[in-house]
1. Between ARG38 and MET181, what FRET efficiency follows from the Cβ-Cβ distance if R0 is 41 Å, with the result rounded to 0.05?
2. With 10 angstrom as the radius, rank SER149, SER128 by how many other C-beta atoms surround their C-beta, starting from the fewest.
3. Between LEU72 and VAL130, what FRET efficiency follows from the Cβ-Cβ distance if R0 is 30 Å, with the result rounded to 0.05?
4. List MET118, MET181 from most exposed to least, where exposure is judged by having the fewest other Cβ atoms within 10 Å.
5. What distance in nm lies between label points placed 7 Å from Cα along the C-beta direction at ARG192 and THR25?
6. Please report ASP58, ASP170 as a ranked list, fewest other C-beta atoms within 10 angstrom at the top and most at the bottom.
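Read-outs throughout are calculated quantities, based only on the coordinates presented, and are distinct from any laboratory measurement. Quantities reported herein were computed from a predicted structural model and do not represent experimental measurements. Here the Cβ positions follow ideal geometry from the backbone for every residue, glycine too, while neighbour counts run over all protein chains shown.
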Amino acid sequence: MRSVLEFLKTTLVGGLFFLLPLIVTLYVLGKGIQAARRLVAPLSRLMPFESVVGVAADTLLAVVALLVVCFLAGLVARTGVGQAIADRAENMILKKIPGYTILRSMTSDGVLSSGVRMQTALAWIEESWVLAFMVERNPSGLVTVFVPSAPTPAAGTIYYLTEDRVRVIDVPVRVAVKLIMQLGVGSAEALRGKFDPGPGPK
C-alpha cells in the first residue's frame, strides 16, 4: 500500500513539474495575443474580410504581429547586448520554473544554463541499468548523475555513484528525453550497438 501511495505521489508531482512550464508558456502567449488584439483592433476594421478559415481578422493580425515581434527579438538576441539581457532574465526568472533546466537542455544539445554539458548515460542502480544523465565528475571520484522519472523527465533523483557504475553512451540528450517520455519505446533502436551491458558492477 505504501509503495502504491509513493508511486501516486511521485507521478502526480512529476506530472505537475512537467506541465507547469507548458502552462506558463500558454498563459503568456494567451496574454500576449490578447494585448496584441487590442493594439491591432483599429487596423483589423480596415481589412476587407472579417475572418480567415474561421479565425477572426483581429486574432490573425495579432498572431502576425507577435511573430514579427519575436523575429525582431531574435535579431536583437543575436547581439551582445541582447544575449546579456536574455542571460539575466533567465537567471532571475526562468531558472526558477520547475523543469526548465532539463527542458532547455533538450534544445541546446544537453548544455545546462550553467554551461555544464550533460551526457546521456546508463547508471547501475539496484542491480539494474537505468537511463540517466551524467552531470559532472567530482574530485572525490564520484560521478553526479540525474536519473529522471518516466514519463516526466523534468522530475527525478540525484545520485552520487562511483565511475564503474556509470557508462556514458552516444545518444543525444533530446533522444534520451524522448525515450523517457515514451516509457522506453524506441530504446532498442536508440541503444543498438552503443552499450554492452555485461554482468554489471559487483
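1. 0.65
2. Going from sparsest to densest Cβ surroundings: SER128, SER149.
3. Rounded to the nearest 0.05, the efficiency is 0.10.
4. Fewest-to-most Cβ neighbours within 10 Å comes out as MET181, MET118.
5. 3.0 nm
6. On the way: ASP58 22, ASP170 10.
The order, fewest Cβ neighbours first, is ASP170, ASP58.
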